[in-house]
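Chemist: Sharing a structure with you now.
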Amino acid sequence: MNKIIALSLLTLLLFQVSAQVQLSGVINQYSKVTFIENNICHNKITVSNITPFNEGQLVVLIQMKGAIINESNSANFGNIQNINSAGFYEINEIVFISGFDVYLKYQNQYNYDINGLVQLVTMPNYEDATVSDILTAEPWNGETGGVFALNISGQLEMAKDIDVSGLGFRGGEAQTASNNNCSWLFPQNDYFYEYGSWRGSAKGEGIADPVLDKNFGKGAQANGGGGGNDHNSGGGGGANIYSGGLGGENNEPSLFGCQGNHPGIGGKAIADFEDRIFLGGGGGAGHDNNEVATNGANGGGVVILVVNNLSLLGTAIYANGNSPSEGTGDGAGGGGGGGSIYLNVKNEVNGQIHLSVAGGNGGNIDNGGGERCHGPGGGGSGGRLITNLVLGSSSLSTTLGGGFAGSSINSSSCPNGSNGAESGEDGGIEGIDNDGNNIFANQEFLFPEANFSFTNNMLEVNFSSLLQNANLINWDFGDGNFSSVANPIHTYAQSGTYNVQLIVSNSCGIDTFNQSIFVEMVEANFLVSEEGGCVPLLVNFQNNSIGSVNDYFWTFEAGNPTISTDENPQVFYGSPGIYDVQLEIYSTSGNDTVLVENAIEVLNVPLASFDFFSPSQGTINFENNSIGATSFEWDFGDGTTLSNEEMPSHTYDSTGNFVVTLIASNEYCSNTITGTVSILTSLDELDLSKVRIFPNPSTNFITVELQNLGKAQIDFFSMDGNKIKYLSGTFFQSKLLDVSKLPKGVFTILVSQNKRRGFFRWVKIN
């Protein structure tokens, strides 16, 4: 099983490796730019060769030359007076191709001059890739080439090097001459000569175009080294941002003094421009009079590498200047200046990388053992490193040194030495800030872009324009109304779906954005099954809102539950009071809230209670002791008319026991209680002034006192008319009675003597 798993993993690994892009050789393509139209509306680049380019492709726009130099026949010859647009570069993206016109996604950051030899270079863009063999570039040919560019959004694994050494500006070519005569009487000390003159050799190429008929001689042409002057002096080394080395003199002993004391001057340093990048300058050629002088060497090319993660296997990036071949006579050429490397690793470096922009060494001269000591070449300067990697860290090592001066060797008349030739100056390293030194163009064009968002509350809509580069604005709300306000508020007359159109424009064109919106009148409302009642009260709430409601939020004061998200909730009220109800509704078209104050009234169930007494025979006064009632209904039990009085009085026409009913009601419910009234007799009334019953009310004992009545019958009755036998009996004058056994309540005492009767109302309390 383990073997199977291991085999599967190996298969997967091999598949991943094989699926990854393998890079080698030349991966970039080039075209000369013949026209640039860059404005707020578009970036059109016209190229001489459209074949390399495709829509969606990353490209590098770079100007190779265009500097203006001093042209005086002095030591100032070749000094850079105005660098103009030389060295400007940036990365852009192709969005459209028409004929030989390439339209780029973003505005150019810089102003380019096509007379300064601008080229458009493809920049391959991969997720992940492996350098499986040496990567390089096409050499600079006077119009295009010399630039390597690559963008990796994922990981680049460098198993091999990237090398653009000697692919930069070209060294001067030694003139084929057979003039063996030297002009010892007239030393050739000029800084320039016309094309093809035997008096001076060709200058190395730099960021300034060769000046007509001034491209020969010792004066350095910007960062291109000067050519050696007559007789057999060496060429100067090429430069980058620092100076190249002076060429060596010819110290040949001669009767006529044919020394070449005016070698080529090293290339001029370019001021440190952070937003520019340069090819290494070419070395000047050695002076030739016997067809054996050597050419100046080419400078180093340019590397632009942007990568997210970089994995290294002891590999390097080289942009060195070349060294001339060794000569066997005449003057030797100068070394090429180091090129430039831009390396931006956005995330992680795994391993160590070596970056080298060394200058080329000056050419050596083999004098063949003769009595001559011809001039060697000057060394080229080191180039320029631009990287966010930290110098001295474990991930980075560098070579920045200028090339060594050449030597004049194998001479019988002079020792081996440089004969005044100088080494080139060391190159430099610069950091990259957080925006990558703005290498990626990102200024978008001012095409109008229409877009909007909106929020609405029912029929009122707040429109927010999300505009770019718009000068004129026109809204069509879809209901026959219009506006030119940037962020209008519009109220629709009725619910519905409307097609809203926003049209914007500027000098670059017109853009339209359409969006359908739905608006609706939303109004919160509800119905209740009961507006009030007695505890416990159950109320059914019914949503009666208008509109397409998505969500509900009810609040019930003192209810159970107190809140609800149901559309039609049920709520229980368990305590008396008057309570508010609130309903909030939520819709895509808006929200609304209704608060009904005192929506639900909850009352206690009333408690019916009454008492009565008889002020005279047959007449009963009723005392209403009900609680929580607002209306009353009395039924006296004798078939007479009902009474709604709170405290009625009723006269019975006959004797007997009558069941009295009291219905005590409030607004929502009622309670009923009954009691029995006993009408015992209709005989004459007893003179109650002669009878005392005290105390009244009483707790345990009462006294019945008969004043001058003689013997009398005393009977006790409860409210239901039942006689209490143990308290009833015949008494004379006074009697103390024990009433402790009686329950709390109201009792009737009947005093009888002969045919006379009297009733007393007595209250027992505990």
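Chemist: Looking only at strands (runs of 3 or more DSSP E) that fall completely inside segment 521-632, which ones have 3 or more residues that are under 30 Å from S643 (Cβ atoms) and out of contact with any Lys or Arg (no Cβ under 6 Å at 6 or more places or on another chain)?
Modeler: Output list reads 532-534, 590-603, 610-616, 619-624.
Chemist: Before we move on, is L737 surrounded by 14 or more Cβ atoms within 10 Å (Cβ to Cβ), free of Cβ contacts under 8 Å to residues at least 24 places away in the same chain and outside the structural domain of A629 (by TED's automatic domain parsing)?
Modeler: So L737 fails the test.
Chemist: A follow-up question, please. Name the residues in segment 534-550 that are loosely packed, with under 13 Cβ neighbours inside 10 Å and either under 21 Å from C669 (Cα atoms) or of a type in the set (D, E) (or both), would you?
Modeler: Within segment 534-550, P536, L538, N540 meet the criteria.
Chemist: Right, I473: without any contact (Cβ under 8 Å) to a residue 60 or more places away in the chain, surrounded by 13 or more Cβ atoms within 10 Å (Cβ to Cβ) and over 23 Å from T593 (Cβ atoms) or not?
Modeler: Spelling it out, I473 is indeed without any contact (Cβ under 8 Å) to a residue 60 or more places away in the chain, surrounded by 13 or more Cβ atoms within 10 Å (Cβ to Cβ) and over 23 Å from T593 (Cβ atoms).
Chemist: In this structure, does G377 turn out to be buried (at least 24 other Cβ atoms within 10 Å of the Cβ), over 19 Å from I162 (Cβ atoms) and at pLDDT 95 or above?
Modeler: For G377, the condition - buried (at least 24 other Cβ atoms within 10 Å of the Cβ), over 19 Å from I162 (Cβ atoms) and at pLDDT 95 or above - is met.
Chemist: Between a first residue in segment 60-86 that is of a type in the set (S, T, Y) and a second residue that is surrounded by 15 or more Cβ atoms within 10 Å (Cβ to Cβ) and assigned to a strand (DSSP E or B), which pairs have beta carbons less than 7 Å apart while being 6 or more apart in sequence or on different chains?
Modeler: S85/Q63
Chemist: Looking at (1) buried (at least 24 other Cβ atoms within 10 Å of the Cβ); (2) free of Cβ contacts under 8 Å to residues at least 60 places away in the same chain, which is the only condition A239 fails?
Modeler: (2)
Chemist: Report yes if some residue within segment 551-564 is under 30 Å from L467 (Cα atoms), touching a residue at least 24 places away in the same chain (Cβ under 8 Å) and loosely packed, with under 13 Cβ neighbours inside 10 Å; otherwise report no.
Modeler: No, segment 551-564 contains no residue that is under 30 Å from L467 (Cα atoms), touching a residue at least 24 places away in the same chain (Cβ under 8 Å) and loosely packed, with under 13 Cβ neighbours inside 10 Å.
Chemist: Shifting gears a bit: Show the residue pairs meeting these rules: Cβ distance below 9 Å; 6+ apart or different chains; first residue within segment 330-349 and under 22 Å from F148 (Cα atoms) and without any contact (Cβ under 8 Å) to a residue 60 or more places away in the chain; second residue buried (at least 24 other Cβ atoms within 10 Å of the Cβ) and of a type in the set (K, R).
Modeler: I341/R384
Chemist: Please go through segment 321-379 and give me each residue that is charged (D, E, K, R) and not in a strand (DSSP E or B), ordered by number.
Modeler: Selection gives E326, D330, E371, R372.
Chemist: A follow-up question, please. If a residue must be buried (at least 18 other Cβ atoms within 10 Å of the Cβ) and in a strand (DSSP E or B), how many such residues does segment 477-495 contain?
Modeler: Counting residues in segment 477-495 that are buried (at least 18 other Cβ atoms within 10 Å of the Cβ) and in a strand (DSSP E or B) gives 1.
Chemist: So, one more: Suppose we filter N290, N308 for residues that are in contact (Cβ under 8 Å) with a residue 40 or more places away in the chain, surrounded by fewer than 24 Cβ atoms within 10 Å (Cβ to Cβ) and part of a strand (DSSP E or B); which single one remains?
Modeler: That would be N308, the only listed residue that is in contact (Cβ under 8 Å) with a residue 40 or more places away in the chain, surrounded by fewer than 24 Cβ atoms within 10 Å (Cβ to Cβ) and part of a strand (DSSP E or B).
Chemist: Restricting to segment 275-293, give me the number of residues that are under 17 Å from H262 (Cα atoms) and either among the small types (G, A, S) or at pLDDT 95 or above (or both).
Modeler: Result for segment 275-293: 5.
Chemist: Is it true that G314 is assigned by TED's automatic domain parsing to the domain that holds I241 and either free of Cβ contacts under 8 Å to residues at least 24 places away in the same chain or crowded, with 24+ Cβ neighbours inside 10 Å (or both)?
Modeler: Taking the combined requirement at face value, the residue does not satisfy it.
Chemist: Out of segment 359-389, which residues are over 14 Å from A285 (Cβ atoms) and of a type in the set (G, A, S)?
Modeler: G359, G368, G369, G370, G379, S381, G382, G383
Chemist: Looking for something touching a residue at least 24 places away in the same chain (Cβ under 8 Å), assigned to a loop (DSSP other than H, G, I, E, B), surrounded by fewer than 17 Cβ atoms within 10 Å (Cβ to Cβ) and not aliphatic (A, V, I, L, M) - is there at least one such residue anywhere in segment 430-438?
Modeler: yes
Chemist: In segment 380-389, which residue that is farther than 19 Å from G314 by Cβ and assigned to a loop (DSSP other than H, G, I, E, B) is modelled with the lowest pLDDT?
Modeler: So, considering only residues that are farther than 19 Å from G314 by Cβ and assigned to a loop (DSSP other than H, G, I, E, B), the one modelled with the lowest pLDDT is N388.
Chemist: Does F513 satisfy the condition of being modelled with pLDDT of 95 or more, within 30 Å of Y498 (Cβ to Cβ) and part of a strand (DSSP E or B)?
Modeler: It is true that F513 is modelled with pLDDT of 95 or more, within 30 Å of Y498 (Cβ to Cβ) and part of a strand (DSSP E or B).
Chemist: Then there's this: Within segment 574-593, restricting attention to residues that are in contact (Cβ under 8 Å) with a residue 40 or more places away in the chain and more than 19 Å from E523 (Cβ to Cβ), which residue is surrounded by the fewest Cβ atoms within 10 Å (Cβ to Cβ)?
Modeler: S575
Chemist: Pick out the one residue from N229, N189, N223, N180 that is crowded, with 24+ Cβ neighbours inside 10 Å, modelled with pLDDT under 95 and assigned by TED's automatic domain parsing to the domain that holds N344.
Modeler: N229
Chemist: Considering only segment 81-93, I want to know if a residue exists there that is part of a loop (DSSP other than H, G, I, E, B), at pLDDT 95 or above and of a type in the set (F, W, Y).
Modeler: Checked segment 81-93: no residue is part of a loop (DSSP other than H, G, I, E, B), at pLDDT 95 or above and of a type in the set (F, W, Y).
Chemist: May I pose another question? Among the candidates N469, N419, N434, N456, single out the residue that is modelled with pLDDT of 90 or more and polar (S, T, N, Q).
Modeler: Only one candidate qualifies: N419.
Chemist: Still on this structure: What is the number of the single condition among (1) farther than 18 Å from N125 by Cα; (2) under 36 Å from the mean Cα position of the chain (by Cα); (3) at pLDDT 95 or above that Q16 does not meet?
Modeler: Failed condition: (3).
Chemist: Residues that are within 21 Å of G547 (Cα to Cα), in a loop (DSSP other than H, G, I, E, B), in contact with a Gly (Cβ under 8 Å, 6 or more places away or on another chain) and not acidic (D, E): does segment 496-505 have at least one?
Modeler: no
Chemist: Does F613 count as surrounded by fewer than 20 Cβ atoms within 10 Å (Cβ to Cβ) and more than 30 Å from F518 (Cα to Cα)?
Modeler: yes
Chemist: Are any of the residues in segment 701-716 closer than 27 Å to S609 by Cβ and of a type in the set (K, R)?
Modeler: no
Chemist: In segment 25-67, what count of residues is obtained for those that are closer than 27 Å to V131 by Cβ and either in the same structural domain as Q221 (by TED's automatic domain parsing) or over 38 Å from the mean Cα position of the chain (by Cα) (or both)?
Modeler: Final tally of qualifying residues: 6.
Chemist: Is it true that N54 is out of contact with any Asp or Glu (no Cβ under 8 Å at 6 or more places or on another chain), surrounded by fewer than 23 Cβ atoms within 10 Å (Cβ to Cβ) and without any contact (Cβ under 8 Å) to a residue 60 or more places away in the chain?
Modeler: yes
Chemist: So, one more: Which of the residues that make up segment 682-738 are of a type in the set (D, E), under 21 Å from N766 (Cα atoms) and modelled with pLDDT of 80 or more?
Modeler: Result: D738, single match.
The values are calculated or read from the model by the stated rules, or taken from the named source; none is laboratory data. This is a predicted model, so every value here is computed, not measured. Using ideal geometry, Cβ is built from the backbone for each residue, glycine included, and neighbour counts are taken over all protein chains shown.
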